[in-house]
Structures are given as structure tokens and as C-alpha cells.
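J.: I am attaching a structure below and will ask some questions about it afterwards.
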Amino acid sequence: MFSNVALDVVIGLVFIYLLYSLLATVLSEIFATAFKLKALNLREAIGRMLEDIDIAGAGTTNTGNKEDNRLMDSIKFAKKTKGEFVNTFYKHPKIVKLGSSGVFGTPSSYKPSAFSDTIFSILGIDGMANKAVLDDPDLTALKKAFAPATARFVKGLWENSFGDIATFRWKLEDWFNQTMEQSIEWYKRKIRVITLCIGFIMAWLFNADTFKMINTLSTDDKAREQLVQMATAYIEKGQSQDTQQPNANPEISKAITTLGAQINAIDSSIKISRADSAKMRTTDSLEKRKKELINQVASLQGSKSLDSLQHIKKQLEQDIANANAVMGIGAWPADSVTVHYDSTLKKVIYIPQIDPGGLNSSDSKIRDGMIYLDSCKKPAYFFRFLGSNFLGFLLTAFAISLGAPFWFDLLNKLMSLRTAVKESTKAKGTAAQDTVSPNERVG
């Protein structure tokens with residue numbers, strides 16, 4: 001079993017990883033929200049359904065080396081999939097109306113029925129009366145909605161439906177659902193890569209080198225004890241639940257509630273107008289006003305999400321600052337640093353603490369005195385210690401990319417194990433106290 005010291009080192013390290021992972025998750029969500037990654041990911045999925053992307057012999061218009069194109073596509077997280085058929089699909093009124101009129105104009109999700117309804121409208125299918133357009137061997141109608149190779153695939157779905165429109169609709173929606181399942185995996189992979197990149201930048205900015213953190217926790221009893229106390233307090237307060245369900249800006253929430261009440265009132269007015277023939281002319285204006293209010297709600301909900309994420313970000317930055325203060329880590333150096341050689345410890349002490357790997361050759365030779373870091377030296381220092389700590393930063397970034405749930409679960413298990421170790425040690429100590437030495441026996 002772990003010794004108490006070794007266990008506390010692991011707990012401290014896991015706690016730091018948890019804080020960094022939470023902040024990286026929030027930052028990646030802010031990035032995804034700001035760049036509408038969910039909406040663009042959905043558009044990419046629809047593009048792969050309608051266009052002949054990566055289909056051999058389909059006569060696609062992609063030029064250049066195919067592998068290079070795929071690599072570039074993987075790097076472009078916020079790419080907007082283009083093509084004749086995906087553009088036609090997204091310009092259809094049903095899809096346009098699912099988005100808001102603001103920044104979040106492209107819908108980030110819609111139901112399978114919306115997909116099939118839009119395809120039917122583009123094809124010109126109107127129930128049983130227009131089955132002939134699907135029976136056309138030249139695929140004239142299908143080629144209005146799909147690229148040639150994909151049109152032949154959809155023709156196969158129609159043939160397997162045995163002339164039943166309802167079955168054909170179900171097959172289209174099933175195809176949509178299967179594609180959406182895969183698109184979720186695409187999105188998760190993108191977020192993992194983004195989190196890894198953010199994690200590396202965070203490790204660099206905070207000078208969070210895993211190897212140095214382990215060394216500090218192993219040798220500094222005070223820092224180790226304080227981090228364990230912080231981890232214990234974190235678990236007890238259940239801050240993870242607060243992170244999952246953050247409190248939004250009350251003003252935004254109030255505005256959304258007010259708009260919702262106005263929408264409900266308009267719905268009631270619309271019902272009255274439709275029932276009263278004398279008021280039918282007001283229905284159109286009410287419907288228009290209702291749409292405007294719905295768009296305002298959608299815009300505010302986007303702002304609400306960003307506001308909540310920013311609030312969590314500030315809290316996590318404070319927690320990380322507290323942990324870093326305990327560990328004595330940080331990237332940006334002070335203007336001046338006092339240098340002293342401790343003969344007892346046989347090492348150079350820097351006050352305030354800096355990373356020696358970031359110093360130039362002349363400053364690194366100073367054993368007693370002062371180091372002055374002006375505006376020219378600081379950027380050089382910042383990039384210099386990147387090279388000396390690259391592997392430690394990379395390891396921290398990989399740890400952060402595992403995600404906050406992983407580290408939170410592990411921290412809970414380690415804290416339970418630590419409690420068990422303490423109780424076991426206490427029980428053994430009590431037994432030892434109850435034992436009487438033969439020399440102390442009476443009689």
C-alpha cells in the first residue's frame with residue numbers, strides 16, 4: 001500500500017490536474033461557442049450526406065493531394081462545408097427558420113423530421129401523388145438534392161422501401177440519425193484536440209511542468225499538506241456540481257423570462273384572432289412579432305451560456321492561482337530577482353522564485369546578487385524555459401486532455417484511500433498503546 005507521503009504527492013498532483021482540466025474544459029467550450037463549432041460540425045455532417053465527398057470515382061471537384069486535403073480539413077476546426085447541395089439545403093426556409101437572426105444564425109441541431117421534410121420539399125415530393133419522381137431511372141429529381149453517387153444511394157433506399165413513402169421517409173431519417181451519431185464522435189475528437197492544445201498553452205503559461213511539480217510535492221512538506229487540504233475542501237464543497245450547473249447572470253435570466261411571458265401572451269392573442277374572423281388581419285403581425293421575440297431569446301441564451309462560462313472561468317483561475325502560490329510556480333517573472341546560494345541545501349535560491357531554465361548564460365551564473373529582467377529579457381525568458389521544460393509541459397497537457405471527470409473520480413478514490421490508510425494507522429497506534437511492556441507489569 002502507498003505510504004502517506006507518496007499518497008499525498010499523488011493527491012496533490014491529481015488535484016492540480018483537476019483544476020487545470022476544468023479550466024481547459026471551460027476555455028474549449030468558450031472557443032466552441034464563439035466559433036459555433038457545433039453548428040459547423042452539423043453542417044459538415046449534412047455536407048457528407050448530400051455531397052459526394054471522398055467517394056471514389058464520383059467526380060468530386062476537390063483538387064490537390066487527397067491526403068494533404070484531409071490533413072488540412074482535420075486542422076480546420078471552424079471550417080464551413082461548402083457545396084451546391086449543402087448550400088441548397090441550408091437555404092431552405094425550414095432550416096433557415098430553425099436558426100436565430102443573431103450570431104447563432106446557423107442551427108446547431110434539428111430533428112430527423114426536419115431533415116426528411118426539407119429533402120422531400122427539395123425533391124418536390126407531396127405524399128403518394130409524386131412517387132413517380134423517385135421511380136425515374138434518370139434520377140432527375142434526386143439529383144436536385146444529392147450529388148450523383150449519393151443520389152444513386154438514395155435511389156437504393158427508395159427501392160428498398162418497395163414504393164412506400166412512409167418507409168422511405170423512415171429510411172432517410174434513420175440515415176440521418178446514424179450520421180449524427182458519428183458526427184458527435186467527430187465533435188468529441190475535435191474538442192479533445194482543442195483541449196490538448198489549450199492544455200499545453202496553459203502548462204506553458206503557468207509553468208506547470210509535471211516533473212517539477214512531483215519534485216516539489218515530494219520535498220516540500222508544507223506545500224504537499226496545503227494542497228491535500230485544498231483538495232479535501234474541494235471535495236467537501238462539491239464544486240464540480242457548481243461547474244456542471246453554473247449560475248447565470250440574473251439580468252439575462254430575467255430578460256429571458258420576460259420575453260417568454262410576452263411570447264405566451266402573443267400565443268393567446270393569436271388563438272383569439274384566429275377564432276374571431278374580424279381580427280384575422282392581426283394574426284400575421286402577431287406571428288411576425290412572435291418570431292422576433294423567439295430570435296431575441298435564442299440570442300440571449302447564447303449570451304447566457306457565454307456569461308456562465310466566463311463566471312466559471314474566473315472562479316477556476318482563482319483556484320489555480322491559489323494552488324500555484326502554494327507550489328511556487330508561475331511563468332511571468334518579476335522585474336528583479338534576488339539570488340542567494342544556500343550552502344546547507346547546496347542550491348541557488350531565487351526570490352521571488354523563477355525558473356532557472358529561462359535565464360540567459362550570464363544570469364544563470366550569478367550565485368549572490370540581483371537579476372534584473374527588463375521588457376526585452378522577459379519574452380526571451382518566457383520562450384527559453386519552454387525548451388527546457390517541453391516534455392514536462394507536454395505531459396501536463398496530456399493529463400489535462402483526459403478531462404475533469406476522470407481526475408475528479410480519481411481524486412475521490414484517492415481521498416477515500418487516504419482516509420482508510422489514516423484509520424488503519426490510527427487503529428494500529430491504539431493497539432500499541434494498549435499493550436503493556438513485560439517490564440511494566442505489576443505482580
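J.: Could we say that THR140 is at pLDDT 80 or above, in contact with a helix residue (DSSP H, G or I) (Cβ under 9 Å, 6 or more places away or on another chain) and in a loop (DSSP other than H, G, I, E, B) here?
T.: Yes: the conditions hold for THR140.
J.: Does ILE351 count as touching a Ser or Thr at 6+ places or on another chain (Cβ under 7 Å) and at pLDDT below 80?
T.: When the stated conditions are applied, ILE351 passes them.
J.: Hey, can you tell me all the residues within the stretch 337-368 that are in contact with a Phe, Trp or Tyr (Cβ under 7 Å, 6 or more places away or on another chain) and surrounded by fewer than 12 Cβ atoms within 10 Å (Cβ to Cβ)?
T.: Within the stretch 337-368, ARG367, ASP368 meet the criteria.
J.: Considering only residues that are β-branched (Val, Ile, Thr), within 19 Å of ILE201 (Cα to Cα) and touching a Lys or Arg at 6+ places or on another chain (Cβ under 8 Å), which ones fall in the stretch 1-34?
T.: Result: VAL26, ILE30.
J.: Ok, one more. Conditions first: (1) open to solvent by 30 Å² or more (accessible area, probe 1.4 Å); (2) touching a strand residue (DSSP E or B) at 6+ places or on another chain (Cβ under 9 Å). ILE371 passes all but one, so which condition is the exception?
T.: (1)
J.: Output the qualifying pairs, or none if there are none: Cβ atoms under 9 angstrom, residues six or more apart or on different chains, first residue in the stretch 164-189 and on the phi > 0 side of the Ramachandran plot and among the polar types (S, T, N, Q), second residue open to solvent by 50 Å² or more (accessible area, probe 1.4 Å) and at pLDDT below 90.
T.: none
J.: For the stretch 360-405, give me each residue that is more than 32 Å from the chain's Cα centre (by Cα) and either among the polar types (S, T, N, Q) or assigned to a helix (DSSP H, G or I) (or both).
T.: Matches in the stretch 360-405: ASN360, SER361, SER362, ASP363, SER364, SER375, LYS377.
J.: Is there any pair with a first residue in the stretch 377-391 that is at pLDDT 85 or above and a second that is buried (at least 16 other Cβ atoms within 10 Å of the Cβ) and among the acidic types (Asp, Glu) whose Cβ atoms are under 6 Å apart and which are 6 or more apart or on different chains, and what are they?
T.: ASN389/ASP209
J.: I'd like to check something: does the stretch 378-385 contain any residue that is of a type outside the set (A, V, I, L, M, F, W, C), surrounded by fewer than 12 Cβ atoms within 10 Å (Cβ to Cβ) and more than 30 Å from LEU7 (Cβ to Cβ)?
T.: There is at least one residue in the stretch 378-385 that is of a type outside the set (A, V, I, L, M, F, W, C), surrounded by fewer than 12 Cβ atoms within 10 Å (Cβ to Cβ) and more than 30 Å from LEU7 (Cβ to Cβ).
J.: Specify the residue that is modelled with the lowest pLDDT; the eligible residues are those in the stretch 206-256 that are open to solvent by 70 Å² or more (accessible area, probe 1.4 Å), more than 30 Å from GLY387 (Cβ to Cβ) and among the polar types (S, T, N, Q).
T.: My answer is GLN245.
J.: Find all pairs meeting these conditions: Cβ atoms under 8 angstrom apart; at least six residues apart or on different chains; first residue within the stretch 13-39 and under 19 Å from LYS212 (Cβ atoms) and in contact (Cβ under 8 Å) with a residue 12 or more places away in the chain; second residue outside any helix (DSSP H, G or I) and not basic (Lys, Arg).
T.: ILE16/ALA208; TYR17/LEU402; TYR20/ALA208; SER21/LEU402; SER21/GLY403
J.: Against the conditions (1) in a loop (DSSP other than H, G, I, E, B); (2) at pLDDT 85 or above; (3) hydrophobic (A, V, I, L, M, F, W, C), where does PHE408 fall short? Just the number, please.
T.: (1)
The values are calculated or read from the model by the stated rules, or taken from the named source; none is laboratory data. As the structure is a computational prediction, the values presented were derived from the model and not from experiment. Glycine also receives a Cβ, built like all others from the backbone with ideal geometry; neighbour counts cover every protein chain displayed. For accessibility, only protein heavy atoms count, side chains too; no ligands or nucleic acids. Shrake-Rupley method; radii C 1.70, N 1.55, O 1.52, S 1.80 Å.
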